[in-house]
Amino acid sequence: MNRNRQTEILGGIITAIILILLIFLSNVEVNKLSYLESVASSIVSPIQRVFADLRNKIEGNSTYFSNMDNITKENEELKKRNSELETELRELEKIKADNATLQSYMNLTQKYSSYNTIPAYVINRDVSNFSSTLVLNVGSKDGVKENMTVIADKGLVGHVISVTENTSKVQVIIDSASTVSCTISTTNESIICKGTLENNQVLRASYIPTGAELIQGDSVYTSGIGGIYPKGIIIGTVKEIITTSNITDRYAIVEPVVDFSKVDTVLLILDN
Amino acid sequence: MRKFSIIIFLILAFFIIYFLQENVFNAFTISGIKPNLFIIYILFIGLFANQFVGISFGVICGLILDLLYGKAIGVSAIMLCAIGYLGSYFDKNFSKENKITIIFMVVGATLIFEFGTYFINSIILEFDREYFNFIRIVLIEIIYNVLLSIILYPLFQKLGYLVDRNFKKNNILTRYF
């Protein structure tokens with residue numbers, strides 16, 4: 001029984017290690033694996049330090065126990081000073097974070113000054129793997145209504161799908177159920193950008209007119225068709241054009257300008 | 001009284017899972033895929049408490065999730081209700097003593113929940129189904145859920161039998177023999 005318990009705990013530990021490794025390796029780029037070097041050195045260095053100290057003592061260079069009383073007193077003072085500094089640092093960090101939020105609100109409002117907007121902060125992100133929604137800290141009492149457009153510093157984020165008194169839920173354009181009518185900057189042709197499950201950081205642009213000449217790097221803007229999004233808000237750039245045997249089926253991968261995993265300050269356009 | 005305190009504990013567990021899912025697992029992903037602890041949570045309640053508690057918790061938690069994130073209200077509620085029922089069905093037909101059966105239960109519950117949610121949503125919201133990508137995501141999510149349930153298995157057992165003793169009328173042994 002005891003042995004079974006031990007095996008169970010061991011199994012749990014091994015699984016946890018496998019899980020951590022999986023998370024680590026699936027998220028870290030290969031060229032960043034030099035982390036492993038630092039991990040290895042952090043394992044070896046404490047032992048190495050002990051050996052180095054021993055060697056120093058043998059060679060008569062150690063001054064470690066020379067003035068113990070003074071060191072203890074100094075240590076006490078330093079600890080006290082350290083805690084004071086830590087408190088100050090925490091206060092400063094809070095002020096810095098508040099400042100950054102206010103700054104980003106101001107920058108956004110200035111950039112989109114032609115629209116009547118209200119700033120908002122992302123308070124929740126979807127936990128599902130199949131949808132992408134954000135919850136904002138503004139609601140009906142701030143004047144938010146359904147279908148309002150949400151933009152971030154760099155471009156389009158999505159639109160409001162439901163509102164409570166204090167919060168509003170936003171469907172992000174990379175959501176697999178989202179569709180946006182867009183235009184390509186160079187040719188002015190209309191296309192449809194949809195969210196895809198293939199990669200939750202890109203959009204799939206389909207219904208490309210057969211005569212349209214798409215170029216990698218073309219900017220994609222909202223077309224204003226559809227009644228939700230106003231015209232001329234940047235969505236992203238064409239990353240790749242996938243040609244199929246039938247030209248009517250060809251599609252493009254559009255990379256949004258907004259990083260949706262990091263966006264935390266947005267603007268809601270009040271008068272679409 | 002004990003039943004009441006267990007219910008309070010289960011409600012607290014929901015909030016802990018919610019904050020873990022929102023703050024920890026949104027960052028710790030496997031190839032961008034997050035686990036779904038709510039499935040494991042409702043399966044656990046259905047398995048160790050009774051059918052009524054499993055289904056009720058499934059509906060309530062599902063509704064909360066729908067209200068918080070859902071694009072169509074009621075989809076997660078229906079599917080988590082099904083998982084609560086599935087837990088009690090598994091309890092009647094399989095042993096909870098074995099880690100392997102627990103793993104298969106988690107695999108089954110994750111498959112049913114995600115398939116159900118995705119297909120109901122695709123009908124309501126009328127979006128194109130991407131079968132290949134869907135299967136890829138579900139498989140990774142299943143692996144993540146299974147790994148987490150293996151790690152949490154000792155906790156499941158301890159808490160599970162505490163819940164079991166207070167919600168089941170029959171002694172555990174008499175139910176198996």
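The values are calculated or read from the model by the stated rules, or taken from the named source; none is laboratory data. In this text, all values refer to a predicted model and were calculated from it rather than measured experimentally. Here Cβ is always computed from backbone atoms with ideal geometry, including for glycine, and neighbour counts include all displayed protein chains.
Do we have any residue at all in the stretch B:5-18 that's over 19 Å from A:Ser131 (Cβ atoms) and crowded, with 23+ Cβ neighbours inside 10 Å? I'd like the intermediate steps shown before the answer.
Narrowing the stretch B:5-18 to residues over 19 Å from A:Ser131 (Cβ atoms): B:5-16.
Adding the requirement that they be crowded, with 23+ Cβ neighbours inside 10 Å leaves none.
Within the stretch B:5-18, not a single residue is over 19 Å from A:Ser131 (Cβ atoms) and crowded, with 23+ Cβ neighbours inside 10 Å.
Only one of (1) in contact (Cβ under 8 Å) with a residue 12 or more places away in the chain; (2) over 25 Å from B:Phe134 (Cβ atoms); (3) away from chain B (no Cβ under 14 Å) is not met by A:Gly232, so which one is it?
All conditions are met except number (1).
Conditions first: (1) over 20 Å from B:Phe94 (Cβ atoms); (2) crowded, with 16+ Cβ neighbours inside 10 Å. B:Gly46 passes all but one, so which condition is the exception?
Going through the list (1) over 20 Å from B:Phe94 (Cβ atoms); (2) crowded, with 16+ Cβ neighbours inside 10 Å, B:Gly46 breaks only (1).
Checking B:Ala27 against (1) modelled with pLDDT under 90; (2) in contact with a helix residue (DSSP H, G or I) (Cβ under 7 Å, 6 or more places away or on another chain), only one condition comes out false. Which one?
Failed condition: (2).
Considering B:Tyr131, B:Tyr144, which residue is of a type in the set (Ser, Thr, Tyr), within 12 Å of chain A (Cβ to nearest Cβ) and within 18 Å of the chain's Cα centre (by Cα)?
Going through B:Tyr131, B:Tyr144 in turn, the sole match is B:Tyr144.
Between a first residue in the stretch B:92-110 that is farther than 14 Å from B:Leu148 by Cα and a second residue that is part of a loop (DSSP other than H, G, I, E, B), which pairs have beta carbons less than 7 Å apart while being 6 or more apart in sequence or on different chains?
From the stretch B:92-110, the pairs are B:Thr101/B:Phe94; B:Thr101/B:Ser95.
Can you spot a residue in the stretch B:111-128 that is over 20 Å from B:Ile78 (Cα atoms), among the charged types (D, E, K, R) and surrounded by fewer than 18 Cβ atoms within 10 Å (Cβ to Cβ)?
For the stretch B:111-128, residues over 20 Å from B:Ile78 (Cα atoms), among the charged types (D, E, K, R) and surrounded by fewer than 18 Cβ atoms within 10 Å (Cβ to Cβ): present.
Restricting attention to helices (runs of 4 or more DSSP H) lying wholly within the stretch B:1-105, give those where 1 or more residues are polar (S, T, N, Q) and within 14 Å of chain A (Cβ to nearest Cβ). Can you show your working first?
Numbers: elements: B:2-19, B:37-48, B:51-69, B:75-93.
By residue number, B:75-93.
I'd like to know if the stretch A:169-188 contains one or more residues that are charged (D, E, K, R), within 11 Å of chain B (Cβ to nearest Cβ) and closer than 19 Å to A:Gly224 by Cα. Break it down into steps so the answer makes sense when it comes.
The initial filter retains those residues of the stretch A:169-188 that are charged (D, E, K, R), namely A:169, A:175.
Applying the additional criterion that residues be within 11 Å of chain B (Cβ to nearest Cβ) yields A:169, A:175.
Still in the list and also closer than 19 Å to A:Gly224 by Cα: none.
Scanning the stretch A:169-188 turns up no residue that is charged (D, E, K, R), within 11 Å of chain B (Cβ to nearest Cβ) and closer than 19 Å to A:Gly224 by Cα.
Being crowded, with 22+ Cβ neighbours inside 10 Å, out of contact with any Pro (no Cβ under 6 Å at 6 or more places or on another chain) and over 29 Å from A:Ser168 (Cα atoms): is that true of B:Gly54 here?
Judged against the criteria, B:Gly54 is a match.
Among the numbered criteria (1) more than 29 Å from A:Lys141 (Cβ to Cβ); (2) within 14 Å of chain B (Cβ to nearest Cβ); (3) in contact (Cβ under 8 Å) with a residue 24 or more places away in the chain, which single criterion is violated by A:Lys194?
Of the numbered conditions (1) more than 29 Å from A:Lys141 (Cβ to Cβ); (2) within 14 Å of chain B (Cβ to nearest Cβ); (3) in contact (Cβ under 8 Å) with a residue 24 or more places away in the chain, the odd one out for A:Lys194 is (3).
Which count do you get for residues in the stretch B:122-177 that are modelled with pLDDT under 90, charged (D, E, K, R) and under 28 Å from A:Glu198 (Cβ atoms)?
Qualifying residue count for the region: 4.
Considering only residues that are over 9 Å from A:Ser132 (Cα atoms), in contact with a helix residue (DSSP H, G or I) (Cβ under 9 Å, 6 or more places away or on another chain) and buried (at least 24 other Cβ atoms within 10 Å of the Cβ), which ones fall in the stretch A:163-184?
Matches in the stretch A:163-184: A:Ser168 only.
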